[in-house]
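Have a look at the structure below, then the notes.
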Amino acid sequence: MNAKDANRKNAGKVTQLITRLFLPIMLVCLIDCSSNESDIPIRPVYIKRNIYTYSLSSYGSSLYIIKAVSLPSEEIGYGGILIIHAFDGNYYAFDLACPVEVNENVRIGKPDGSLISKCDSCGERYDLSFGLGTPLNHISKQPLKRYTVSTDDYNNIIVTK
């Protein structure tokens, strides 16, 4: 057997080893990552706010909505809506209901300047800074429920399911 054949044989063994080790790990991750269903009940969501009127133009700014006031067609989800202008430059919206408590009247608090929000009931803190709503204390097994955000040509932020 020459050196080329030996290298091919070794490369085949390495490929086989990688497939046997990493394929199951990747499948577990894909299955686990796809089960990000929130325990927060599904409720209608529709909010439209102007970026400048509601001071959402600067990074780290946020808007905390617990009552529909602008339009009769407004819907605020289960516990209310939190809109943030994240540090990555994008806008994100979350349901205010804490995933640990799953109660429309138990809401996360208004975020601080670093876009961290806390539930005063269970103590969980959520990192909103890049739009993930990640639990920091690991009390919650789920991130905050996130809604779809778009903008229009008139500097409005539109939040839907």
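The values are calculated or read from the model by the stated rules, or taken from the named source; none is laboratory data. Computed from a predicted model, the values in this text were never measured in an experiment. Heads up, the Cβs are rebuilt from the backbone with ideal geometry, glycines too, and the neighbour counts pull from every protein chain shown.
Here Ile40 passes the criteria (1) assigned to a loop (DSSP other than H, G, I, E, B); (2) among the β-branched types (Val, Ile, Thr); (3) over 20 Å from Gln142 (Cα atoms) except the one numbered (3).
Examine segment 108-123 for a residue that is β-branched (Val, Ile, Thr), surrounded by fewer than 24 Cβ atoms within 10 Å (Cβ to Cβ) and touching a residue at least 40 places away in the same chain (Cβ under 8 Å), and state whether such a residue exists. No, segment 108-123 contains no residue that is β-branched (Val, Ile, Thr), surrounded by fewer than 24 Cβ atoms within 10 Å (Cβ to Cβ) and touching a residue at least 40 places away in the same chain (Cβ under 8 Å). From the list Leu63, Leu56, the lone residue that is among the hydrophobic types (A, V, I, L, M, F, W, C) and in a strand (DSSP E or B) is Leu63.
Against the definition (under 23 Å from Glu124 (Cα atoms) and either among the acidic types (Asp, Glu) or at pLDDT below 60 (or both)), how does Asp95 come out, yes or no? Against the criterion (under 23 Å from Glu124 (Cα atoms) and either among the acidic types (Asp, Glu) or at pLDDT below 60 (or both)), Asp95 qualifies. Kindly indicate whether any position in segment 99-106 is more than 18 Å from Val159 (Cα to Cα), in contact with a Lys or Arg (Cβ under 8 Å, 6 or more places away or on another chain) and crowded, with 18+ Cβ neighbours inside 10 Å. Yes, some residue in segment 99-106 is more than 18 Å from Val159 (Cα to Cα), in contact with a Lys or Arg (Cβ under 8 Å, 6 or more places away or on another chain) and crowded, with 18+ Cβ neighbours inside 10 Å.
Beta carbons closer than 7 Å, at least 6 apart along the sequence or on distinct chains, pair a first residue in segment 63-89 that is at positive phi with a second that is among the aromatic types (Phe, Trp, Tyr) and not in a loop (DSSP other than H, G, I, E, B) for Gly77/Tyr147.
State whether the residues of segment 125-144 include one that is among the aliphatic types (A, V, I, L, M) and over 16 Å from Ile83 (Cβ atoms).
Keep residues of segment 125-144 that are among the aliphatic types (A, V, I, L, M), which gives 128, 132, 136, 139, 144.
So of that shortlist, the ones also over 16 Å from Ile83 (Cβ atoms) come out as 136, 139.
Yes, segment 125-144 has at least one match.
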